[in-house]
Amino acid sequence: MAVLFVSDLHLCPTRPVLTGLFCDFLKDVVPGNDALYLLGDLFEYWAGDDDLDDPFNARICAAIKACELPKYVLPGNRDFLFGADFCKAAGCELLPDEIVHDIAGTPTLLLHGDTLCTDDVAYQDFRRMVRNPQWQEAFLARPLAERKAQIEQLRLQSEQQKQQKSMAIMDVNKDAVIDAFRRHNVSAMIHGHTHRLASHYYDVDGRKCVRHVLGDWHDHMNGGNYLACSPDGWRRGMWWPEAE
Ligand code: LP5
Ligand code: MN
């Protein structure tokens, strides 16, 4: 029995193998555990809860809802427009951007991870804009098709801009990490976003702290990766069912 964490699945209809992998994970790995946390970027993008009529989105939500354990979802930089209707459809509790939960006896900071990338100034400016409630209200008032077209345009711009940014700029800033440990007074944090699957150790004011980074699923190397935390400690799982 453990608490399971995944992030950055980037699910979308054009990735059927990935979709199947996630649905099988929900059926074969998740049952019997204590809780499931989806730490952002579950979808390649989420244009608004009125997109729940889309059969692909409805299928994913139903598959998550069918898991009989507490389920939590945290907004990523691609699906921060999740609202109450998504949560109802997926049977998940929506968490704020940063939250401390007791995970198997250890107070643990949970976040998507994009807020730690403070050197990526262009992204942080963009984030401030799209996380503004007035901006979101205006955006969501536009027709769904128009929103999707704008998101497609944004994805192209983002990919172009990422090519101009160094790997260091797109990673977490160490001071931001230390600050997060201090602000929340925790010794453990779990996040995704950078896709750089690893566990990093820090000395924060004489306290040994650990930062677990989840890997993404759409890169074949890391498809099926998850973190499992139990009172015995934590372990990494890399789940890939035998090819039939
Ligand atoms: O996601 P990832 O890891 O590939 O890249 C992120 C940052 N990029 C993004 C953009 C998303 O990938 C695109 C999909 C988002 C859908 C959201 C839906 C609702 C909003 C819709 C708005 C139209 O988050 C990338 C980071 C990278 O992580 C590493 O941390 O570098 O950031 C960027 O590339 C952003 C650019 O630097 C700034 C972009 C400015 C574009 C301004 C145009 C605004 C258009 C608004 C139209 C209404
Ligand atoms: Mn992300």
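The values are calculated or read from the model by the stated rules, or taken from the named source; none is laboratory data. Here the structure is a predicted model, which means the values were calculated and not measured. Cβ coordinates were reconstructed from backbone atoms using ideal geometry, including for glycine residues, and neighbour counts include every protein chain displayed. Calculation scope for accessible area: heavy atoms of the full protein, side chains included, ligands and nucleic acids excluded. Shrake-Rupley method; radii C 1.70, N 1.55, O 1.52, S 1.80 Å.
Here are the numbers for the structure shown:
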read-out: Exclusive hit being among the charged types (D, E, K, R), surrounded by 15 or more Cβ atoms within 10 Å (Cβ to Cβ) and within 14 Å of ligand 2 (Cβ to nearest atom), set ARG196, ARG155; value: ARG196
read-out: Meets criteria (near ligand 1 (Cβ under 9 Å from one of its atoms), surrounded by fewer than 11 Cβ atoms within 10 Å (Cβ to Cβ) and closer than 22 Å to GLY48 by Cα) for GLN160; value: no
read-out: Near pairs, Cβ below 7 angstrom, 6+ apart or cross-chain, from region 46-65 (closer than 15 Å to LEU144 by Cα) to any residue that is polar (S, T, N, Q) and surrounded by 18 or more Cβ atoms within 10 Å (Cβ to Cβ); value: ASP51/ASN57
read-out: Residue within region 127-149 that is open to solvent by less than 80 Å² (accessible area, probe 1.4 Å), touching a residue at least 24 places away in the same chain (Cβ under 8 Å), near ligand 1 (Cβ under 10 Å from one of its atoms) and more than 21 Å from ASP51 (Cβ to Cβ) present; value: yes
read-out: Residue under evaluation ASN57, criteria (1) touching a Phe, Trp or Tyr at 6+ places or on another chain (Cβ under 8 Å); (2) of a type outside the set (Asp, Glu); (3) open to solvent by 30 Å² or more (accessible area, probe 1.4 Å), criterion not met; value: (3)
read-out: Answer from VAL186, VAL177 - the residue that is more than 13 Å from ligand 1 (Cβ to nearest atom), over 19 Å from the mean Cα position of the chain (by Cα), under 17 Å from THR108 (Cα atoms) and of a type in the set (A, V, I, L, M, F, W, C); value: VAL186
read-out: ASP205 vs. criteria in contact with a helix residue (DSSP H, G or I) (Cβ under 9 Å, 6 or more places away or on another chain) and either more than 27 Å from ALA47 (Cβ to Cβ) or without any contact (Cβ under 8 Å) to a residue 60 or more places away in the chain (or both); value: yes
read-out: Top-ranked residue of region 94-139 - restricted to ones that are polar (S, T, N, Q) and away from ligand 2 (no atom under 16 Å from the Cβ), ranked as nearest to the chain's Cα centre (by Cα); value: THR108
read-out: Subset tally (residues that are open to solvent by 60 Å² or more (accessible area, probe 1.4 Å) and more than 16 Å from ligand 1 (Cβ to nearest atom)) for region 199-220; value: 8
read-out: Selection from region 166-199 of residues that are touching a helix residue (DSSP H, G or I) at 6+ places or on another chain (Cβ under 8 Å) and closer than 25 Å to HIS10 by Cβ; value: MET170, VAL172, ASN173, ALA176, VAL177, ALA180, MET189, HIS191, HIS193
